[in-house]
Amino acid sequence: MMEIKRKHRPPARFITTQFNSVLGWARKYSLFQYPFITACCGMEYMSTACAHFDLDRFGAGWTRFSPRQADMLLVVGTVTQKLAPVLRTVYEQMTDPKWVVAFGTCTVSGGIYDNYAVVQGIDLVIPVDIYIPGCPPRPETVLDGLLKLQEKIQHQEQDWRWKKRKS
Amino acid sequence: MEETKILDLLKEKFPGEVKEVLTSLGDEVVIIDKKALLSLVTYLKNKPCEYTMLLDLSCVDYLGENPRFEMVYHLFSLPRNRRLRIKARLGEDDLRISSLTGLWKNANWLEREVFDMFGVHFEGHPDLRRIFMYDCFEGYPLRKDYPLRKRQPCIKFRE
């Protein structure tokens with residue numbers, strides 16, 4: 001086996017870090033996404049997810065169509081009052097840790113649909129981590145939102161199963 | 001059959017029920033009494049008129065007028081490539097009109113939509129319940145007197 005030659009070898013051939021930081025690093029680059037797509041923003045999601053803009057470059061390429069296997073819920077498109085219980089069920093079925101992305105103006109605030117049928121922002125139904133505005137948002141905006149979510153995941157207090165939860 | 005003669009024919013066949021006929025944007029319009037709807041439409045669907053297709057069915061709320069609501073039916077004749085619009089007024093106190101589900105299957109969902117949005121009752125409809133809004137929704141959202149900012153959440157919101 002060829003030895004890897006480095007200019008500056010670590011003196012003791014190991015690095016120190018915090019478990020919290022490693023876990024954050026691992027989690028932010030392996031986001032399994034559940035796309036909850038209801039409307040026209042779905043087109044922009046498809047564009048972002050496919051090869052041209054390629055969400056997979058940031059480690060969020062694997063789409064799971066079961067909320068039990070996903071840890072990033074992408075709410076893409078208008079959520080009506082009738083759909084709100086479905087969205088909440090999907091969110092509750094996801095296992096921890098989980099993050100929610102509000103994709104597009106409709107999910108952020110109801111958008112142009114200020115009427116009897118549409119939920120005025122999905123944060124009324126489920127907690128949201130990142131809001132991506134735009135009607136629809138351009139793929140660059142979505143990627144920027146994803147990077148911000150990754151930054152948030154990296155710096156947050158990581159919750160792991162064997163850690164006893166307070167409360 | 002000459003296209004322009006359909007209105008004359010209807011006036012002749014249903015003298016008491018047809019209130020007014022006119023032509024609007026190239027289509028024939030006939031305004032009728034709501035009691036005559038089913039017999040008139042049955043006549044139109046069969047020969048010689050052959051308006052065999054129900055394109056759409058909707059309702060308009062003219063708040064402040066009497067009668068307040070107006071049902072609008074759009075028929076289409078496939079053999080002759082002609083459209084016909086039928087209008088019938090409905091009073092607020094008697095929001096009933098006969099259902100067309102016996103003649104066209106697609107009237108089922110269209111009438112459910114009108115029932116959902118305006119609260120018009122279709123007599124003879126096999127399954128008249130809400131189609132867009134949830135069952136616990138109160139009121140009829142497309143009526144002009146439905147409050148613009150009124151919200152009726154289906155589930156309890158956070159906070």
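The values are calculated or read from the model by the stated rules, or taken from the named source; none is laboratory data. It should be emphasised that the depicted structure is a prediction, and the values quoted were computed from it without experimental measurement. When we count neighbours, we look across all protein chains shown, and the Cβ atoms used for this are built from the backbone with ideal geometry, even at glycine.
Within the range A:134-158, how many residues turn out to be more than 23 Å from A:Ala70 (Cα to Cα) and either crowded, with 17+ Cβ neighbours inside 10 Å or in contact with a helix residue (DSSP H, G or I) (Cβ under 6 Å, 6 or more places away or on another chain) (or both)?
So the count comes out to 3.
Conditions (1) away from every other protein chain (no Cβ under 13 Å); (2) touching a Cys at 6+ places or on another chain (Cβ under 9 Å); (3) small (Gly, Ala, Ser), marked per residue:
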{"position": "A:Thr78", "(1), (2), (3)": "yes, yes, no"}
{"position": "A:Pro85", "(1), (2), (3)": "no, yes, no"}
{"position": "A:Pro97", "(1), (2), (3)": "yes, no, no"}
{"position": "A:Val100", "(1), (2), (3)": "no, no, no"}
{"position": "A:Thr105", "(1), (2), (3)": "yes, yes, no"}
{"position": "A:Val108", "(1), (2), (3)": "yes, no, no"}
{"position": "A:Gln120", "(1), (2), (3)": "no, no, no"}
{"position": "A:Asp123", "(1), (2), (3)": "no, no, no"}
{"position": "A:Tyr131", "(1), (2), (3)": "yes, no, no"}
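When you scan the range A:145-164, do you find a residue that is away from chain B (no Cβ under 14 Å) and under 30 Å from B:Gln152 (Cβ atoms), even just one? First the steps, then the outcome.
Narrowing the range A:145-164 to residues away from chain B (no Cβ under 14 Å): A:145-164.
Next, from what is left, pick out any that are under 30 Å from B:Gln152 (Cβ atoms): none.
No; the residues of the range A:145-164 include none that is away from chain B (no Cβ under 14 Å) and under 30 Å from B:Gln152 (Cβ atoms).
I need the full set of residues from the range B:132-147 which are within 8 Å of chain A (Cβ to nearest Cβ) and either in contact (Cβ under 8 Å) with a residue 24 or more places away in the chain or not aromatic (Phe, Trp, Tyr) (or both), in order please.
B:Met133, B:Pro141 - these are the residues of the range B:132-147 that are within 8 Å of chain A (Cβ to nearest Cβ) and either in contact (Cβ under 8 Å) with a residue 24 or more places away in the chain or not aromatic (Phe, Trp, Tyr) (or both).
Please specify each residue of the range B:36-59 satisfying the condition of being over 17 Å from B:Arg83 (Cα atoms) and free of Cβ contacts under 8 Å to residues at least 60 places away in the same chain.
The answer is B:Ala36, B:Ser39.
Suppose we keep only residues that are basic (Lys, Arg) and more than 17 Å from the chain's Cα centre (by Cα) within the range B:13-59. Which one would you say is nearest to B:Arg89 (Cα to Cα)?
Keep residues of the range B:13-59 that are basic (Lys, Arg), which gives B:13, B:19, B:34-35, B:45, B:47.
Those left that are additionally more than 17 Å from the chain's Cα centre (by Cα): B:13, B:47.
Numbers: B:Lys13: 20, B:Lys47: 27 Å.
Step by step, filter the range B:13-59, then rank; the result is B:Lys13.
For A:Phe65, work out the one condition from (1) within 29 Å of B:Phe132 (Cα to Cα); (2) modelled with pLDDT of 90 or more it doesn't fulfil.
(2)
Condition check: buried (at least 19 other Cβ atoms within 10 Å of the Cβ) and away from every other protein chain (no Cβ under 14 Å). Does A:Tyr34 satisfy that?
Details: buried (at least 19 other Cβ atoms within 10 Å of the Cβ): yes; away from every other protein chain (no Cβ under 14 Å): yes.
In short, yes.
Just a yes or no: is a residue in the range A:129-138 under 19 Å from A:Ser47 (Cα atoms) and among the hydroxyl-bearing types (Ser, Thr, Tyr)? So that I can check it myself, show each step before the final result.
Filtering the range A:129-138 for residues under 19 Å from A:Ser47 (Cα atoms) gives A:131-138.
Okay, now just the ones that are also among the hydroxyl-bearing types (Ser, Thr, Tyr), so A:131.
Scanning the range A:129-138, I find at least one residue that is under 19 Å from A:Ser47 (Cα atoms) and among the hydroxyl-bearing types (Ser, Thr, Tyr), so the answer is yes.
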